[in-house]
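**Student:** This is the structure I have questions about; it appears just below.
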Amino acid sequence: MNLNNKIYKSEHLREKKLFQILLKHKKKKNGQNFIIYFLPGKTKTSKFAVSVSKKIGNSVQRNYYKRIIREIYRTHKNLIEFPYLILFILKKPPNSFKEAEDEIVEFFKTLSY
């Protein structure tokens, strides 16, 4: 694991056009804590976004879960071999960081095959 991993601005999925393409042609993985929409190969690098519903809690809790998801992505993005558009949607709060990490890492491993 490279400790100097960084999430670059080019890795953020912010463009409306790319969001529309992702939501129109998406593939879906439904996990215990997350719904993950993904689409291969529309950009040079993988791009990701995180969505947490207001049903999860107050803004402090929602931002905490977004930080957790971004950290897991940052530390394990090297498992993704090809560029993908990825949208993480939090269904329910994970019981622990390890539980969320295991689910996302398992998803990244399925992308590599």
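**Student:** Once you order the gyration tensor axes a ≥ b ≥ c over the Cα atoms, which shape class does the chain get: rounded for a/c under 1.5, otherwise prolate or oblate by comparing a/b with b/c?
**Tutor:** rounded
**Student:** Per DSSP H run of n ≥ 4, the term is -39500 (n - 2.57); total these for the chain, divide by its residue number, and report the mean residue ellipticity at 222 nm rounded to 500 deg cm²/dmol.
**Tutor:** One gets -12500 deg cm²/dmol as the mean residue ellipticity at 222 nm.
**Student:** Can you list residues whose amide H is under 5 Å from Lys42's amide H, if they're 5+ apart or on another chain and H is modeled 1.01 Å from N?
**Tutor:** Leu85
**Student:** If you don't mind, there's one more thing I want to ask. Between Lys92, Lys28, Lys17, where does the largest GNM mean-square fluctuation fall for the chain, given springs only between Cα atoms within less than 10 Å?
**Tutor:** Lys17
**Student:** Another question, if that's okay. When the chain is fully extended, how far beyond the present Cα-Cα distance does Asn63 get from Leu23, taking 0.36 nm per residue of separation?
**Tutor:** 12.1 nm
**Student:** Hey, another quick one. Tally the DSSP beta bridges in segment 9-111 and give the antiparallel ones as a percent, rounded to 5.
**Tutor:** Close to 60 percent.
**Student:** For Lys91, list the aspartates and glutamates whose Cα falls under 13 Å from its own Cα; do not include residues on the same chain fewer than 8 positions away.
**Tutor:** Glu103
**Student:** Report relative contact order for segment 9-111 in percent, whole number only (criteria: Cα-Cα under 8 Å, sequence separation at least 6).
**Tutor:** Dividing the mean separation by the residue count of segment 9-111 yields 35 percent.
**Student:** Now, a different point. Quick one: if the Förster radius is 25 Å, what FRET efficiency do Lys55 and Glu106 give, using the C-beta to C-beta distance and rounding to 0.05?
**Tutor:** The value I calculate is 0.50.
**Student:** Of Phe107, Asn30, Val50, which is farthest towards the positive pole of the chain's charge dipole, taken about the Cα centre with +1 and -1 on the beta-carbons of Lys, Arg and Asp, Glu respectively?
**Tutor:** Towards the positive end, the residue furthest out is Val50.
**Student:** Here's another thing I want to ask about it. Greater than 29 Å separation of Cα atoms is the criterion. Which listed pairs, Lys24/Lys55; Lys42/Lys98; Lys44/Lys92; Lys24/Lys98; Lys54/Lys77, meet it?
**Tutor:** Lys42/Lys98; Lys44/Lys92; Lys24/Lys98
**Student:** Right, something else. Show which aspartates and glutamates lie in cross-link reach of Lys9 when reach means a straight Cα distance below 17 angstrom and same-chain residues fewer than eight apart are skipped.
**Tutor:** In chain and number order, the partners are Glu71.
Read-outs: derived from the displayed coordinates by stated rules, not from any lab. Keep in mind that what you see is a predicted model, and the values were worked out from it rather than measured. Cβ atoms come from the backbone with ideal geometry, glycine included; neighbour counts cover every protein chain shown.
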